[in-house]
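Have a look at the structure below before the remarks.
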Amino acid sequence: MEKARVAMFDSKSYDVDSFQKANKEYGYEISFFKENLNSETAVLCQDHNVVCPFVNDTVDSEVIDILKSKGIKLITLRSAGYNNVDLKAVYKKIHVMHVPQYSPYAVAEHAAALMLALNRKTHRAFYRTRDSNFSIEGLIGFDMRGKTAGVIGTGKIGRVMIDILTGFGMNIVAYDPYADEDYAREKGFKYVEIQELYGKSDIITLHCPLTKGTYHIINSESLSRMKDGVMIVNTGRGQLIDTRALIKALKEKKVSSAGLDVYEEESEYFFEDFSSKVISDDVLARLLTFPNVLVTSHQGFFTREALNNIADTTLQNIKKYFNDEYLDNEICYRCENTECVKKKKGRCF
Ligand code: NAI
């Protein structure tokens with residue numbers, strides 16, 4: 001049987017640790033490349049048959065053709081989101097798998113951390129007290145109990161978020177094109193149309209995938225429909241928000257605060273140390289100047305449990321592929337939104 005030789009891109013020390021630990025059971029050859037995957041670095045996968053990208057790696061048609069020419073048979077993402085893969089271009093060329101669930105708790109808990117920090121301004125209090133400034137002027141927050149949270153996307157992460165916010169005593173309204181009314185009844189929240197969610201929510205939190213339909217779902221028009229002083233939290237994908245429109249709404253005080261774990265142009269910056277370099281992205285630089293904007297660099301997933309689950313599932317994906325087993329974590333452009341008949345037989349092609 002062919003042995004897996006894995007080229008892992010955008011590898012950090014924590015990826016090496018978690019994969020080396022999980023790989024003891026499998027013994028695959030894994031090359032850990034620090035580089036991001038793109039058309040210039042794709043040649044690194046020479047002599048491998050599996051590529052393992054992360055969220056800011058580019059898997060467009062140009063890269064796919066290079067990977068195919070180098071003999072890559074499987075792309076197995078270390079993420080749940082797969083918006084960085086051109087699924088149509090890859091179909092029938094290379095199988096694509098992902099980690100559909102590794103810890104919805106990690107992401108939802110991080111979103112809650114952003115909300116609490118922004119509300120009670122702990123990110124600012126930390127710096128004040130370190131400077132022996134014990135004034136609490138300007139740090140006033142609000143009781144979350146009794147306020148309304150709007151949850152956009154009630155999949156795995158959105159549901160954990162609803163549990164957490166319900167625990168805070170918040171009223172929950174949610175929007176999802178595939179509403180699960182039984183679940184809403186059981187949990188005591190209400191599905192509403194998106195416009196109603198915008199009009200009612202004191203906090204809006206994004207947990208939908210990035211698709212053509214959700215690109216810039218938060219834009220000047222949707223912002224204008226929101227309550228004055230709304231808080232926006234995005235742990236989904238950066239391109240869900242038109243950042244320029246958000247900056248305008250922050251300047252006009254329409255939006256009182258924003259917690260952003262993702263940013264639309266994050267791929268050049270996030271996961272890297274730019275502390276001694278110049279940031280040439282003026283939009284990102286402007287965002288970082290607001291005292292009421294908390295940017296974290298895509299760390300929602302970053303818990304020990306999630307890293308271990310990512311490594312385990314990725315290596316299981318590889319094993320299933322080479323053992324010719326049912327590829328339950330396969331994704332393709334056919335099965336993205338519809339019931340894919342071929343998938344039921346085990347593989348999308
Ligand atoms: P999921 O697939 O379980 O749930 C997504 C939900 O969004 C589904 O219920 C779907 O029906 C809904 N949805 C689809 N289109 C929508 C729309 N137009 N409006 C509202 N809802 C819509 O996915 P999961 O695991 O909950 O993850 C959600 C997203 O979170 C991922 O797609 C990914 O982009 C992001 N994510 C971010 C991480 C981070 O580290 N910050 C880590 C993991 C995921």
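The values are calculated or read from the model by the stated rules, or taken from the named source; none is laboratory data. Since this is a predicted model, take the numbers as computed values, not measurements. As a convention, Cβ positions derive from the backbone with ideal geometry for all residues, glycine included, and neighbour counts pool all protein chains shown.
The table below lists the values:
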| quantity | calculated |
| --- | --- |
| Unique residue being closer than 26 Å to VAL85 by Cα and either crowded, with 18+ Cβ neighbours inside 10 Å or in the same structural domain as ARG244 (by TED's automatic domain parsing) (or both) when the list is TYR215, TYR198, TYR191 | TYR215 |
| Members of segment 237-257 that are under 29 Å from TYR82 (Cα atoms) and surrounded by fewer than 18 Cβ atoms within 10 Å (Cβ to Cβ) | ARG244 |
| Any hit, segment 290-304, residues being part of a helix (DSSP H, G or I), at pLDDT 95 or above and within 16 Å of the ligand (Cβ to nearest atom) | yes |
| Test: residue in segment 57-79 that is surrounded by fewer than 23 Cβ atoms within 10 Å (Cβ to Cβ), within 15 Å of the ligand (Cβ to nearest atom) and under 20 Å from LYS319 (Cβ atoms) | yes |
| Unmet requirement for PHE33, which otherwise passes all of (1) surrounded by 23 or more Cβ atoms within 10 Å (Cβ to Cβ); (2) over 30 Å from GLY138 (Cα atoms) | (1) |
| In segment 165-175, the residues that are buried (at least 20 other Cβ atoms within 10 Å of the Cβ) and more than 9 Å from the ligand (Cβ to nearest atom) | LEU165, MET170, ILE172, VAL173 |
| Enumerated helices (runs of 4 or more DSSP H) restricted to segment 176-278, each holding at least 2 residues that are closer than 23 Å to ASP163 by Cβ and either touching a strand residue (DSSP E or B) at 6+ places or on another chain (Cβ under 8 Å) or away from the ligand (no atom under 13 Å from the Cβ) (or both) | 181-187, 194-200 |
| Pairs with Cβ under 7 Å, 6+ apart, first in segment 131-157 and within 26 Å of ILE194 (Cα to Cα), second at pLDDT below 95 | LYS156/GLN101 |
| Filtered residues of segment 321-349 (kept if within 20 Å of LYS3 (Cα to Cα) and free of Cβ contacts under 8 Å to residues at least 60 places away in the same chain) | ASP324, GLU325, TYR326 |
| Looking only at segment 305-349, and only at residues there that are within 20 Å of LYS73 (Cα to Cα), assigned to a loop (DSSP other than H, G, I, E, B) and hydroxyl-bearing (Ser, Thr, Tyr), the one that is nearest to the chain's Cα centre (by Cα) | TYR333 |
| Subset tally (residues that are outside any strand (DSSP E or B) and away from the ligand (no atom under 15 Å from the Cβ)) for segment 122-164 | 26 |
